[in-house]
There are 2 protein chains.
Amino acid sequence: MPDTPPPLAPVELGAYFSLMEVAGLLRHAVEQQLREEGDLSYVQFQLLARLALDSPSGSERMTDLADGVVYSRSGLTYQAGLLEKAGLVERAPSPDDERSVTVMVTAAGRALIERVLPGHVEVVRHQLFAPLSEAGTRALGELLSPVREHMRAAPPRSAGARRRRR
Amino acid sequence: MPDTPPPLAPVELGAYFSLMEVAGLLRHAVEQQLREEGDLSYVQFQLLARLALDSPSGSERMTDLADGVVYSRSGLTYQAGLLEKAGLVERAPSPDDERSVTVMVTAAGRALIERVLPGHVEVVRHQLFAPLSEAGTRALGELLSPVREHMRAAPPRSAGARRRRR
DNA sequence: AACACTTGCTTCGACTTCGAACCAGCGCTA
DNA sequence: TAGCGCTGGTTCGAAGTCGAAGCAAGTGTT
């Protein structure tokens, strides 16, 4: 039997649990606001926001979207379908690569993001940042940023399954 | 039209996104390990762990469990059913309050937790704490702990719907 | 004691999410 | 250019999640 690793120190446990719980509760709160003000789920908001705010062209390939949002491919297909049905986004085959599909925000999509963003910001501010000082906020970002990079280095989620093939 | 709030500063955005992404990826990683080594979902692990490690009596009421794990009541009913079918917990009507149900870990449940815990700890250590210094870890916990408290102050999730009645 | 209100849990239906299986286009090598 | 593996997306079935509705037991009011 292999040595069991030393248990997590109380400090670590506290950090770990707090992190998970805070993220969970925050997501809940945000989701509620988005649902009420824009009839969007958190994932849908993420997708729209990424397209509308982070992408210069307002469009991305499906797989890149899936990777960016930590989503399975099939799940993304589903959500993209919903967003398209709602007229917030359009799908078109990519010109250079016949297999891939590019997703693009529509004007309606951009408008919706603009509409829900202020409320979104309010919620995040109240829930997450209210108990933190200016310095605390900065520190939090600086602590988590390297962790984020570290985790991203691992294989992207959208593939995942495929690679398991012998 | 009301004033729109000032947008989140880049520092805040960074902290917010990092937090959500780190939590999401970590959950993914942990879930995978739990699935492989113990055939448990993250939620099931949380429930078992709470009963086996946090509760002196090894038992809790359904609602308290739901609140502690940020879970809807109906979802908990479902999961408790699964865990019971697997022989990891037992449900019994509470002696003092005829309505409420007490959930208790079985020996098998405790054994399973013991079995998966080391691997769990390994994953958390590698994924979350590897890029952090000792001091960083402590700082992270100290930053998030007040936020956690702050968010918990809001109404618990398991009720939520009910209170909306006029 | 009878009434209404609240609380604890379950049932139900609708919606998400995931992974496995699948098809089709790309790229490499022979 | 024929063949083979690889990659991008979708489809499909199984599982998880939630809120609304429902039932039973407690609490309080008159």
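Computed values, structure above
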{"item": "Label 7 Å beyond Cα on the Cβ vector: residue B:17 copy-to-copy distances, nm", "result": "3.1"}
{"item": "Label geometry 7 Å along the beta-carbon vector: residue A:54 inter-copy distances in nm", "result": "3.1"}
{"item": "Paramagnetic label zone (point 7 Å from Cα along Cα-to-C-beta, residue A:85; backbone N under 19 Å) in the range A:39-68", "result": "A:39-48"}
{"item": "For the range B:49-76 and the range A:113-151, distance of Cα centres in Å", "result": "29 Å"}
{"item": "Prolate/oblate/rounded label for chain B (Cα gyration tensor, a/c 1.5)", "result": "oblate"}
{"item": "Area accessible to solvent at residue B:117, 1.4 Å probe radius, in Å²", "result": "50 Å²"}
{"item": "Members of the range A:126-143 that become less accessible by 50 Å² or more once partner protein chains are added (1.4 angstrom probe, chain alone as reference)", "result": "A:127, A:129, A:131, A:140, A:143"}
{"item": "Around residue A:83: net Lys/Arg minus Asp/Glu count, Cβ-Cβ under 13 Å", "result": "0"}
{"item": "Accessible surface buried once B binds A (1.4 Å probe; total of both sides; Å²)", "result": "5400 Å²"}
{"item": "Nearest-0.05 FRET efficiency for residue B:138 and residue B:110, computed from C-beta distance (R0 25 Å)", "result": "0.25"}
{"item": "Alpha carbon Rg of the protein assembly as shown, scaled by the compact-globule rule 2.2 N^0.38 Å", "result": "1.07"}
{"item": "Shape call, the range A:75-160: gyration tensor on alpha carbons, a/c limit 1.5", "result": "oblate"}
{"item": "Accessible surface of the protein assembly as shown [probe 1.4 Å, protein heavy atoms]: carbon and sulfur percent", "result": "55 percent"}
{"item": "Å² of accessible area per residue within chain B, as computed with a 1.4 Å probe and no ligands counted", "result": "54 Å²"}
{"item": "Beta bridge orientation in the protein assembly as shown: antiparallel %, DSSP, nearest 5", "result": "100 percent"}
{"item": "C-alpha long axis of helix A:73-85 to longest principal axis of chain A, angle in °", "result": "50 degrees"}
{"item": "Distances in nm from residue B:115 to the matching label points in the other copies, shortest first (labels 7 Å along Cα to Cβ)", "result": "5.2"}
{"item": "14 Å cut-off, amide nitrogen to a point 7 angstrom out along residue B:31 Cα→Cβ, residues in the range A:71-95", "result": "A:71-76"}
{"item": "Lys, Arg +1 and Asp, Glu -1 on Cβ, resulting dipole of the protein assembly as shown about Cα centre, debye, nearest 20", "result": "800 debye"}
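The values are calculated or read from the model by the stated rules, or taken from the named source; none is laboratory data. A quick note: this is a predicted structure, and the numbers were derived from the prediction, not measured. All Cβ positions, glycine included, derive from the backbone under ideal geometry; neighbour counts span all protein chains shown. Just the protein is used for accessible areas: all its heavy atoms, side chains included, with ligands, DNA and RNA removed. Shrake-Rupley method; radii C 1.70, N 1.55, O 1.52, S 1.80 Å.
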